[in-house]
Amino acid sequence: MRGGSTRSALHTARLLGCLALAWWIPTEASPGARQNVNARQYVNEWAVQIEGGPHVASALADELGYRLLGQIGALDDHYLLQRRDLPRRVRRGTQEHTERLSSDHRVKWVEQQYHKDRSKRAPPRAPPAPCPHCSPVDMFDDPLWFKQWYLQDTRRDRSLPKLDLHVIPVWRAGITGRGVVVTVLDDGLEWNHTDIRGNYDPDASYDFNDNDPDPFPRYDITNENKHGTRCAGEIAMRANNGKCGVGVAFNARVGGIRMLDGIVTDAIEASSIGFNPQHVDIYSASWGPNDDGRTVEGPGRLARKAFEHGILRGRGGKGSIFVWASGNGGRQGDNCDCDGYTDSVFTISVSSASQRGLSPWYAERCSSTMATAYSSGDYSDQRIASADLHNTCTDTHTGTSASAPLAAGIFALALEANPALTWRDVQHLVVWTSEYDPLANNPGWKRNGAGLMVNSRFGFGLLNAKALVELAQPATWRHVAPARACVVTDDRFTPRWLGNGREVSVEIPTRGCEGQENEIRSLEHVQLETTLEYTRRGDLHITLTSPTGTTTALLAERERDASRDGFKGWPFMSVHTWGENPVGTWTLTITDRSGHVENEGRVVAWRLVLHGTAARPAHMAAPRLYSAYNAVQNDRRGVDASPEDAASWGSTGVTSSFPASESAERNEVDEEVAGDDGGDGDEVAKADDADPRHGSRLPPYFVAPDEVERLLGLSAGGRRQGGHDEVEDEVDDEVDDEVERAELHRLRGDPGRADAARAIARLLAMRG
């Protein structure tokens with residue numbers, strides 16, 4: 001602990017009773033919505049809550065000089081009013097009108113609407129990458145099918161990573177998304193596109209920018225509004241029609257909500273998020289607040305209510321499925337824990353992995369990311385194929401924008417297999433079947449107290465459609481119990497001072513609301529609602545450690561964030577302790593390691609919210625086994641899933657191979673928590689190496705003896721030639737790669753580490 005740290009040992013913590021809802025919804029507006037009020041661009045619209053029905057709202061509007069524009073989305077008693085004597089846009093807020101409405105006894109709540117800056121999550125464009133090693137599965141006549149490397153194992157060279165999301169076995173089982181409705185919240189949908197029109201659903205579509213039923217995008221010279229069409233194509237392009245490619249759920253119905261091509265307000269977001277929730281099953285969104293490394297913003301009051309309405313009442317009470325792209329601010333040092341859409345318990349936040357199985361340059365890290373799908377990477381990597389504007393096709397769709405629709409398509413397959421799945425069933429399926437194995441060559445993996453592998457870059461891993469759909473089968477799947485929320489706070493907490501080089505540490509004991517209606521014994525989401533005052537928000541680092549020892553970075557430093565606004569009731573959310581028992585002492589740690597001596601501030605308040613169930617879900621009765629079905633082949637693990645294997649419905653590997661009781665001892669410290677800069681994972685290595693009990697039975701990571709012999713032989717041959725020619729340089733590079741890979745996995749304590757150590761010794765000796 002750093003000098004000058006302050007520790008609040010809480011002998012007792014007040015456990016709040018069962019909440020009115022089954023989860024915690026912060027009452028404060030998001031910080032971004034409360035800051036820079038004078039800079040807002042207001043519009044001539046007021047959102048109001050009026051009880052009594054539309055006739056009461058209409059009478060009030062007429063009486064006070066407003067037009068009643070209608071109900072806001074699916075929100076009962078919420079309406080949009082417009083002043084008759086004002087233009088569409090107003091430079092400043094008209095406080096007198098807001099106060100007049102607020103003073104009327106019929107108005108329960110009012111807010112003048114203003115423009116919310118929203119960004120599509122596609123990084124800068126790059127030319128398409130060649131695929132010299134691709135050999136597509138001969139299934140469809142669509143011209144871009146051979147470029148859809150993420151849906152099929154296209155490798156000709158088995159030394160390359162195995163790439164696909166395992167959808168082909170699901171299709172071969174006759175599951176293609178039929179009967180499921182997905183809508184894309186974006187800049188419009190070219191619904192008459194040859195590869196989309198056969199699956200287009202007008203009942204899942206609307207234009208909230210122009211307030212009409214047609215979501216057709218606005219054409220311009222830059223083709224700016226292609227984003228929604230590309231995202232929709234990934235989900236539901238028709239198969240075998242000789243056009244573009246194949247959607248993940250190519251028989252699903254798809255709609256489009258045009259809401260990004262114009263002024264975006266809280267009311268527009270709420271109307272979009274809550275559009276026709278008894279018809280739409282899945283909402284896919286590839287946008288959010290600016291990924292500039294400075295913004296802290298989430299949904300406003302109306303949008304939060306729309307999320308709540310969707311999960312409570314959508315799909316006949318089973319709950320709407322909300323899929324969200326995690327963000328493209330990686331190069332700006334952004335952190336998606338500052339994005340209240342991806343940081344919501346109601347959304348499934350999806351990150352990206354490149355063709356090489358690596359975290360792309362644009363990807364953000366945060367504790368709320370739940371899973372990963374493929375997308376673009378470096379300029380030499382392939383991208384995502386889809387439909388494009390003007391009835392054309394593209395193979396250059398990129399960013400987390402492209403990952404979220406792939407996930408939405410996979411969830412559509414699951415809903416066809418089992419239409420009774422609830423929104424929380426889908427989240428559990430994602431957690432329990434996503435694959436750590438194909439992304440294992442990245443730093444930051446840790447095993448939580450329930451035995452689940454998780455990473456701030458990838459969540460629980462790469463989506464596996466076959467495993468997810470197989471586990472979801474109605475004959476065997478048991479619905480998870482209703483959600484509960486246990487809120488832990490301390491009436492005696494007083495603000496703590498924080499400055500450069502200092503640390504505030506707070507111990508939070510809890511019994512998980514034991515003996516109450518909202519008792520928690522199996523965790524899902526964990527929220528830390530925090531109020532902080534600080535002179536430079538981006539210098540703060542916040543971690544939360546669970547009773548089993550899982551340490552999660554809730555906030556990493558953001559160099560570009562020089563705001564003095566701190567956090568005002570901001571609900572940081574983590575899925576990293578999923579499946580753990582919350583009983584025990586949690587530790588909240590807030591530090592400033594920036595070296596900016598002028599920094600100072602206070603930790604004003606906190607509230608810990610534990611989401612979960614009283615009993616462990618049925619599918620978690622046995623610990624999780626991580627299957628090598630999607631093994632990364634260049635790890636030389638001897639795993640080679642043939643097309644025949646892929647076509648069969650064998651074991652999905654969804655039970656564990658090690659006792660959960662060992663998990664706390666084996667917890668690895670995430671590199672953000674350990675102060676690592678995201679590079680080599682040394683802190684992870686130290687944590688594992690220090691514990692002699694590490695004897696994991698995860699899939700092996702080691703350099704096989706025959707591979708060592710091959711490298712030795714190649715290198716010896718190169719050296720006999722007596723020169724540092726091109727062949728020798730290539731061999732040396734390969735040796736370097738093997739040494740680095742073997743050393744990394746030896747330090748992680750994986751099985752085969754003795755083989756790895758021997759391989760390293762021999763390679764180093766060979767290199768002289």
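The values are calculated or read from the model by the stated rules, or taken from the named source; none is laboratory data. For clarity, every value in this text was computed on a predicted model and none was experimentally measured. Please note: Cβ atoms are built from the backbone with ideal geometry, for glycine as well, and neighbour counts cover all protein chains shown.
Condition (residue is within 30 Å of Ile268 (Cα to Cα) and modelled with pLDDT under 60) applied to segment 129-139: is it met by at least one residue? No - not one qualifying residue is present in segment 129-139.
Within segment 205-231, if we keep just the residues that are among the hydrophobic types (A, V, I, L, M, F, W, C) and in contact with a Ser or Thr (Cβ under 7 Å, 6 or more places away or on another chain), the residue that is farthest from Leu189 (Cα to Cα) turns out to be Phe208. Scanning segment 326-341 for residues that are touching a Phe, Trp or Tyr at 6+ places or on another chain (Cβ under 9 Å), in a loop (DSSP other than H, G, I, E, B) and at pLDDT 90 or above returns Gly327, Gly340, Tyr341. The set of residues in segment 179-209 that are in a loop (DSSP other than H, G, I, E, B) and loosely packed, with under 15 Cβ neighbours inside 10 Å comprises Gly179, Asn192. Scanning segment 495-504 finds one or more residues that are polar (S, T, N, Q), closer than 22 Å to Thr589 by Cα and not assigned by TED's automatic domain parsing to the domain that holds Glu297. The residue pairs whose first member lies in segment 529-544 and is modelled with pLDDT under 95, whose second member is of a type in the set (Phe, Trp, Tyr), and whose beta carbons are closer than 9 Å, counting only pairs six or more residues apart or on different chains, do not exist in this structure. Just to be sure before I move on: is Trp570 under 20 Å from the mean Cα position of the chain (by Cα) and among the aromatic types (Phe, Trp, Tyr) in the structure I sent? When the stated conditions are applied, Trp570 passes them.
Taking the criterion of being more than 24 Å from the chain's Cα centre (by Cα) and of a type in the set (D, E, K, R), the residues of segment 575-630 that qualify are Asp592, Arg593, Glu598, Glu600, Arg602.
When the residues of segment 482-508 are filtered to those that are among the basic types (Lys, Arg) and buried (at least 18 other Cβ atoms within 10 Å of the Cβ), which remaining residue is nearest to the chain's Cα centre (by Cα)? Per the stated criteria, the residue is Arg484. The residue list Ser359, Ser375 contains one member that is touching a Pro at 6+ places or on another chain (Cβ under 8 Å) and assigned by TED's automatic domain parsing to the domain that holds His166, which is Ser375.
Here Glu507, Glu514 are screened, and the one residue that is part of a loop (DSSP other than H, G, I, E, B), out of contact with any Asp or Glu (no Cβ under 8 Å at 6 or more places or on another chain), farther than 17 Å from Pro571 by Cα and of a type in the set (D, E, K, R) is Glu514. Restricting the search to segment 174-203, which residues are among the charged types (D, E, K, R) and touching a residue at least 24 places away in the same chain (Cβ under 8 Å)? Residues satisfying the conditions are Arg178, Asp186, Asp187, Glu190, Asp195, Asp201, Asp203. Restricted to segment 537-577, and to residues there that are in contact with a Leu (Cβ under 6 Å, 6 or more places away or on another chain) and outside any strand (DSSP E or B), the residue that is farthest from Arg294 (Cα to Cα) is Thr577.
Can you say whether Ala465 is modelled with pLDDT of 95 or more, in the same structural domain as Gly242 (by TED's automatic domain parsing), within 21 Å of Ala232 (Cα to Cα) and not β-branched (Val, Ile, Thr), as far as the supplied structure shows? Answer is yes for this residue. For segment 335-354, a residue qualifies if it is touching a residue at least 40 places away in the same chain (Cβ under 8 Å) and in contact with a Cys (Cβ under 9 Å, 6 or more places away or on another chain), and the qualifying residues are Asn335, Asp337, Cys338, Asp339, Thr342, Asp343, Ser349, Ser351.
The requirement of being surrounded by 24 or more Cβ atoms within 10 Å (Cβ to Cβ), farther than 26 Å from Lys147 by Cα and either at pLDDT below 95 or assigned by TED's automatic domain parsing to the domain that holds Tyr79 (or both) is fulfilled somewhere in segment 267-288, by at least one residue.
Table: residues versus (1) within 28 Å of Lys226 (Cβ to Cβ); (2) over 18 Å from the mean Cα position of the chain (by Cα).
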{"position": "Leu389", "(1), (2)": "yes, yes"}
{"position": "Leu406", "(1), (2)": "yes, no"}
{"position": "Ala412", "(1), (2)": "yes, no"}
{"position": "Asn418", "(1), (2)": "no, yes"}
{"position": "Asn442", "(1), (2)": "no, no"}
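One residue stands out in segment 317-338 among those that are in contact with a helix residue (DSSP H, G or I) (Cβ under 7 Å, 6 or more places away or on another chain) and closer than 17 Å to Glu557 by Cα: the one that is surrounded by the fewest Cβ atoms within 10 Å (Cβ to Cβ), namely Asn328. Any chance segment 409-417 includes a residue that's surrounded by fewer than 24 Cβ atoms within 10 Å (Cβ to Cβ) and in contact (Cβ under 8 Å) with a residue 24 or more places away in the chain? Yes, that holds for at least one residue. Any idea which of Tyr200, Tyr219 is of a type in the set (Ser, Thr, Tyr) and under 20 Å from Asp261 (Cα atoms)? Result: Tyr219 is the single residue among Tyr200, Tyr219 that is of a type in the set (Ser, Thr, Tyr) and under 20 Å from Asp261 (Cα atoms).
Are any of the residues in segment 286-304 outside any loop (DSSP other than H, G, I, E, B), touching a Ser or Thr at 6+ places or on another chain (Cβ under 8 Å), under 13 Å from Arg118 (Cα atoms) and of a type in the set (A, V, I, L, M, F, W, C)? Looking for residues that are outside any loop (DSSP other than H, G, I, E, B), touching a Ser or Thr at 6+ places or on another chain (Cβ under 8 Å), under 13 Å from Arg118 (Cα atoms) and of a type in the set (A, V, I, L, M, F, W, C), one finds at least one in segment 286-304, hence yes. For segment 365-410, the candidate set comprises residues that are of a type in the set (Val, Ile, Thr) and outside any loop (DSSP other than H, G, I, E, B); within that set, the residue that is nearest to Arg218 (Cα to Cα) is Thr392. Filter segment 451-500 down to residues that are touching a Pro at 6+ places or on another chain (Cβ under 6 Å), part of a loop (DSSP other than H, G, I, E, B) and aliphatic (A, V, I, L, M), then give me how many there are. Of the residues in that region, 1 qualify. Which of (1) closer than 19 Å to Phe208 by Cβ; (2) crowded, with 24+ Cβ neighbours inside 10 Å; (3) among the acidic types (Asp, Glu) is the odd one out, the single condition Asp261 does not satisfy? So the condition that Asp261 fails would be (2).
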